[in-house]
Amino acid sequence: IVQKGTATAAPFNDVPNSDPFVDHVRLLKSNAITSGCSANNYCPSDLITRGQMAVFLIRSLLFTDDFDFPSRPFFEDVP
């Protein structure tokens, strides 16, 4: 996601239009890949978990949260 957005409103309160990554964050939000850490904030300095990154990847590849997955874990050391 690298194209420049045309929207004028900041995507989140903590990502102003002056932020160098505002277009990236705006596209992530508009494509429903992220909804931020709260209704109005993105929390760009927060760390993300592996689970959150997995959600980003699934949403960006499948464009949905509704997908099939095996009930048996792939890795024995991860419950």
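A few remarks follow.
- Between 0 and 90°, nearest 10: helix 50-62 axis offset from the chain longest Cα axis: 80 degrees
- Projection of the Cα convex hull of the chain, averaged over all directions and equal to a quarter of that hull's surface, yields 6.6 nm².
- Accessible surface area normalised per residue over the chain is 82 Å², counting heavy atoms of protein chains with a 1.4 Å rolling probe.
- Total charge dipole magnitude, the stretch 26-79, about the Cα centre, Cβ charges on Lys, Arg, Asp, Glu only, Debye to nearest 20: 280 debye
- Mean separation of Cα contacts under 8 Å, 6 or more apart, over the residue count of the chain: relative contact order %: 24 percent
- Percent carbon-and-sulfur accessible area, the chain, ignoring ligands, DNA and RNA, probe 1.4 Å: 58 percent
- These residues, Arg26, Arg72, go from largest to smallest accessible area, 1.4 Å probe, as Arg72, Arg26.
- Largest GNM mean-square fluctuation among Phe67, Phe12, Phe21, using the chain with Cα springs under 10 Å: Phe67.
- Taking amide hydrogens as placed 1.01 Å from N in the peptide plane, the amide H of Asp14 sits under 5 Å from those of Tyr42, Cys43, each at least 5 positions away in sequence or on another chain.
The values are calculated or read from the model by the stated rules, or taken from the named source; none is laboratory data. Model, not experiment: these values are computed from the prediction. Cβ sites come from the backbone with ideal geometry, for glycine too, and all protein chains shown count toward neighbours. When the accessible area is computed, the model is the full protein with side chains, heavy atoms only, and any ligands, DNA or RNA have been set aside. Shrake-Rupley method; radii C 1.70, N 1.55, O 1.52, S 1.80 Å.
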